[in-house]
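Colleague: This is the structure I have questions about; it appears just below.
The values are calculated or read from the model by the stated rules, or taken from the named source; none is laboratory data. Since we're looking at a predicted model, the values are computed, not measured. We place every Cβ from the backbone using ideal geometry, glycine too, and count neighbours over all the protein chains shown. SASA here: full protein model, heavy atoms, side chains in, ligands and nucleic acids out. Shrake-Rupley method; radii C 1.70, N 1.55, O 1.52, S 1.80 Å.
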Amino acid sequence: QQSSRSMLITDVVTPALVLDLARTQRNAAAMVAAVGGRAAIRTHGKALKSSALARYLGLKHVCAQTVVEAECMVRGGCTDVLLTNQLVGKDKLHRLALLAATPSLRLGVLVDSRCQIEALSAAAETRGVEIDAYVEVDAGQNRCGVSAPEAALALASAISASGRLRFGGLHCYHGGIQHVRSAEERRRRVLEGPVARAAAAAA
């Protein structure tokens, strides 16, 4: 919300979100222009840290890192939220299923094992809801996700065969190159890294 009076930085009560709105709008427009309509943009909530900012920028499709973050984004008006993490524990799964019951909300989450699919499907069944499940693919960081194409296919099939889950697609995150400015250099690193490993695994 824009202030009607000038303030000194020392007058700001912290923690507070302080933005240069002109730059924020310019950056958002540049992001849309870079995609050029070839794909939908899904901004991450951990970067925004504000459902109000998402709403101000007209962002309806966002990512979240935790269930609490997803809940905040939904309460702020986001209607398509992807939880870019795997969930472990009945409490988190229960809260996700409750959130999925929100009218007009499309909710997704990542999986990389059959036990996650089974637990997620069971939680969705208790609430009578449907949840999108995305198979996470290891893009080279060795943190989570499957590496072999056969493993990804098996999980996708398990999702499709479950009663309450929809196969949302594949999810890849290569955080090691997010600050590489050159598109050519990013492409080279992806081709020589995860793409080459996937090809070798399939050979």
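Colleague: For the range 113-152, name all the residues that are in a loop (DSSP other than H, G, I, E, B) and surrounded by fewer than 20 Cβ atoms within 10 Å (Cβ to Cβ).
Modeller: Step one: of the range 113-152, the residues in a loop (DSSP other than H, G, I, E, B) are 113, 128-130, 138-145, 147-148.
If the condition is that a residue be in a loop (DSSP other than H, G, I, E, B) and surrounded by fewer than 20 Cβ atoms within 10 Å (Cβ to Cβ), then S113, G128, V129, E130, Q141, N142, R143, C144, S147, A148 are the ones that fit.
Colleague: Right, another one. What are the residues in the range 155-200 that are in a loop (DSSP other than H, G, I, E, B) and hydroxyl-bearing (S, T, Y), if any?
Modeller: Initially, the range 155-200 is screened for residues in a loop (DSSP other than H, G, I, E, B), giving 162-164, 173-174, 178-182.
Residues satisfying the conditions are S162, Y173, S182.
Colleague: I'm told A198 meets every condition in (1) touching a Pro at 6+ places or on another chain (Cβ under 7 Å); (2) at pLDDT 80 or above except one. Can you identify the failing condition by its number?
Modeller: Unmet condition: (2).
Colleague: Oh, and also: List pairs: first residue in the range 181-203 and in contact (Cβ under 8 Å) with a residue 12 or more places away in the chain, second residue outside any helix (DSSP H, G or I) and open to solvent by 60 Å² or more (accessible area, probe 1.4 Å) anywhere in the structure, Cβ distance under 7 angstrom, at least six positions apart or on different chains.
Modeller: Within 7 Å, the pairs are R197/S147; A201/S147.
Colleague: If you don't mind, another one. Are there any pairs, at least 6 apart or on different chains, whose C-beta atoms fall under 8 Å, with the first in the range 88-117 and in contact (Cβ under 8 Å) with a residue 24 or more places away in the chain and the second among the basic types (K, R), and if so, which?
Modeller: Note: pairs meeting the criteria are A97/R127; L98/R127; A100/R127; A101/R127.
Colleague: Being within 16 Å of V111 (Cβ to Cβ) and open to solvent by less than 80 Å² (accessible area, probe 1.4 Å): is that true of G193 here? Outline the logic, then answer.
Modeller: Numbers: within 16 Å of V111 (Cβ to Cβ): no; open to solvent by less than 80 Å² (accessible area, probe 1.4 Å): yes.
Spelling it out, it is not the case that G193 is within 16 Å of V111 (Cβ to Cβ) and open to solvent by less than 80 Å² (accessible area, probe 1.4 Å).
Colleague: Further, regarding this structure: I'd like the full set of residues that are of a type in the set (A, V, I, L, M) and part of a helix (DSSP H, G or I), limited to the range 87-110. Full working, then the answer.
Modeller: First, the residues of the range 87-110 that are of a type in the set (A, V, I, L, M): 87-88, 93, 96-101, 105, 107, 109-110.
Those that are of a type in the set (A, V, I, L, M) and part of a helix (DSSP H, G or I): L93, L96, A97, L98, L99, A100.
Colleague: May I pose another question? So R95 passes all but one of these: (1) farther than 30 Å from A123 by Cα; (2) touching a helix residue (DSSP H, G or I) at 6+ places or on another chain (Cβ under 9 Å); (3) basic (K, R). Which condition number does it fail?
Modeller: All conditions are met except number (1).
Colleague: Continuing with this model, one more query. Which ones in the range 95-107 are more than 17 Å from E136 (Cβ to Cβ) and surrounded by 15 or more Cβ atoms within 10 Å (Cβ to Cβ)?
Modeller: Taking the range 95-107 and keeping what is more than 17 Å from E136 (Cβ to Cβ), we get 95, 97-106.
Listed by number, the residues that qualify are R95, A97, L98, L99, A100, T102, L105, R106.
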